[in-house]
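These notes are about the structure you will find just below.
The values are calculated or read from the model by the stated rules, or taken from the named source; none is laboratory data. Only a predicted model underlies this, so the values are computations on that prediction, with no experimental measurement involved. Please note: Cβ atoms are built from the backbone with ideal geometry, for glycine as well, and neighbour counts cover all protein chains shown.
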Amino acid sequence: MIMAELRLAGRPASPGFAEGAVVRIVEQKSTRIPTGDSQREAHDLKQAIKDALKSISSLADRAEGEAAEMLGFQVAMLDDDTLAEAAFESITHGEAADQAWRKALDAEIETYRAADDEYFRARSADLEDIRDTVLDHLSGSHAAFTVPPGAIIAARDLAPSRFLSVDWSKGGAILLAEGSPTSHVAMLARARRVPMIVGLGEIPECASSIIIVDGALGQAVVSPHDDTRASFLARQSADQELAVKAAAVETQPAVTKDGMSIAVMINIAGVDDLARLDPKICDGIGLVRTEFLFGEGPLLPDEETQYKAYRRMLEWAEARPVTIRTLDAGGDKPIAGLTLDGESNPFLGVRGVRLSLQRLDVFRVQIRALLRAAPHGTLKVMVPMITAPFELDAVRALFVEEYDTLRAKNIAAKMPLLGMMVEVPAAALTVSTFDADFFSIGSNDLVQYTTAAGRDIGAVASLADLRHPAVLKLIELVASYGHSSGRDVSLCGDAGGDSDLIPFLLRAGIRSVSAAPSLVGRAKLAIANFSFEKTEGA
Ligand code: PEP
Ligand code: MG
């Protein structure tokens, strides 16, 4: 009898292909026996926290970039006495150490999970990670987590530290019943090229089965039929061929079949993204999402911290243009102590420049850091979520004011070009009314605001399509105004790195795109395979 194949569909969190046996990770219940002595319980918890700190710190020491940052965050959380306060309080009332710790952390995790915002929900995994690491130390079961290399992990969610303890060099993948594409573990998976699917719902018992995983499609098939497997293998080998070709053109200029040069820049979230990256792969940095610099620690970064980060980006680029976007907090990127809580629709609320103009105390610090970094390279500054000309005028006035103050104090500074993101349809439709030195189209938001389909809502994903004629018309309008007025127009939304969408962008008049560094090679290939002549009238 042929076993029926079982198809599972979730949200793509990290692209890539994998095939193998499933290893199910089931959350362990603690086996610790309470001592019945409050002082002893408190002592054991203190010791477990200390041991957990040690093990996370040693993982952090060996980690790099994003992983080091995330583990550093966990160390800081665990090092902060307030996290365990409620647990120690319960212990004085007779609770066992593990129960007290679990209850205290679960309450904290629940607040994160219940948040309206996906970003906060995603952070709950870090707290779960901390909770479980301490529990493991309390029950003495630490280091019991072993997964054979190449395994396909199926779990409810996966803690970043567990991800880091697995050897991914032999392949493998992650299937999560819950989870989120914006979680830390998803970022780590993308960075290590481990395929990952989230939101699969109940993953059926299939421990002994072979499963195939297509991370980009968000699909996994248990016990695949021969034809399903054959089409999977064909997609996988086409993807491998593409990866080889993409790597070969990465540092080459991007030119269409009919000889049109297209600028390809990179999007980054911080200086760490530039580690081991050759500046020759790009024509500059097209987008620095500075809000990630603001969300890193418990305090907002001061002028010096920001200045150093911006300066390093400019120096890395070796005179290529570096487009740093001013803070775009709010929407799906809340920052504690800065963005507003409880907005009914944060994507339509006080986000981006709207927030910066309300929080001049924070904005002026960023402006000064940018003005001081500007002499170290070719800086362009762009402002997110601009809707009406007065907003950009207000930002320009602040730049002039801060520049004059710095110069009056003899502090080295330079006025950068000041441009705007075009991501609000109202701004695209009235593009000629803005006093902008350049424009960068934020297609992620432009698509969601034009189609009224949230960028983070899977159920309306088919509507949130850049190929909608209304979106393409807006892009055409901005590109054509840029051309006629002699101002640069680039596009820095995810579409800029999407091989399927690049032809649509080129036909709409876009001649400069900015994409995640890992997509640059593929974007250049898509450009090289494109011909204006062949697609005329298409
Ligand atoms: C965009 O909206 O396309 C964009 C680049 O900005 P973000 O994705 O950071 O909102
Ligand atoms: Mg945006």
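General remarks:
- Residue in the stretch 282-308 that is farthest from ligand 1 (Cβ to nearest atom), counting only those that are aliphatic (A, V, I, L, M) and in contact (Cβ under 8 Å) with a residue 60 or more places away in the chain: Leu300
- Checking Phe347 against (1) of a type in the set (A, V, I, L, M, F, W, C); (2) more than 14 Å from ligand 1 (Cβ to nearest atom); (3) part of a helix (DSSP H, G or I), the condition it does not meet: (2)
- Within the stretch 433-450, the set of residues being within 13 Å of ligand 2 (Cβ to nearest atom) and of a type in the set (Phe, Trp, Tyr) comprises Tyr449 only.
- Condition met for Asp494 (acidic (Asp, Glu) and in contact with a strand residue (DSSP E or B) (Cβ under 6 Å, 6 or more places away or on another chain)): no
- All positions within the stretch 451-479 that are assigned to a helix (DSSP H, G or I) and either among the aliphatic types (A, V, I, L, M) or within 13 Å of ligand 2 (Cβ to nearest atom) (or both): Ala459, Val460, Ala470, Val471, Leu472, Leu474, Ile475, Leu477, Val478, Ala479
- Which listed residue is at pLDDT 90 or above and not aromatic (Phe, Trp, Tyr), from Ser208, Ser261, Ser165: Ser261
- For the stretch 150-199, the tally of residues that are among the charged types (D, E, K, R) and not in a loop (DSSP other than H, G, I, E, B) stands at 2.
- In the condition set (1) within 13 Å of ligand 1 (Cβ to nearest atom); (2) outside any loop (DSSP other than H, G, I, E, B), Ile386 is compliant with all but (2).
- Residue match in the stretch 326-349 (condition: in contact (Cβ under 8 Å) with a residue 12 or more places away in the chain, of a type in the set (D, E, K, R) and touching a strand residue (DSSP E or B) at 6+ places or on another chain (Cβ under 6 Å)): no
- Residue check, Val471 buried (at least 17 other Cβ atoms within 10 Å of the Cβ) and either under 22 Å from Val395 (Cβ atoms) or not assigned by TED's automatic domain parsing to the domain that holds Pro375 (or both): no
- Pairs linking a residue in the stretch 437-456 that is under 11 Å from Ala427 (Cβ atoms) and modelled with pLDDT under 95 to a residue that is near ligand 1 (Cβ under 8 Å from one of its atoms) and β-branched (Val, Ile, Thr), with Cβ atoms under 9 Å and 6 or more positions apart or on different chains, do not occur.
- Looking only at residues in the stretch 318-344 that are modelled with pLDDT under 95 and within 15 Å of ligand 2 (Cβ to nearest atom), the one that is farthest from the chain's Cα centre (by Cα) is Thr339.
- A single member of Ala413, Ala428 is in the same structural domain as Gly349 (by TED's automatic domain parsing), within 15 Å of ligand 1 (Cβ to nearest atom) and modelled with pLDDT of 95 or more, and it is Ala428.
- Applying the criterion of at least 3 residues that are over 25 Å from Phe292 (Cβ atoms) and in the same structural domain as Leu127 (by TED's automatic domain parsing) to the helices (runs of 4 or more DSSP H) found wholly in the stretch 47-114 leaves 82-92, 97-113.
- Number of positions in the stretch 396-432 that are in a helix (DSSP H, G or I) and away from ligand 2 (no atom under 16 Å from the Cβ): 16
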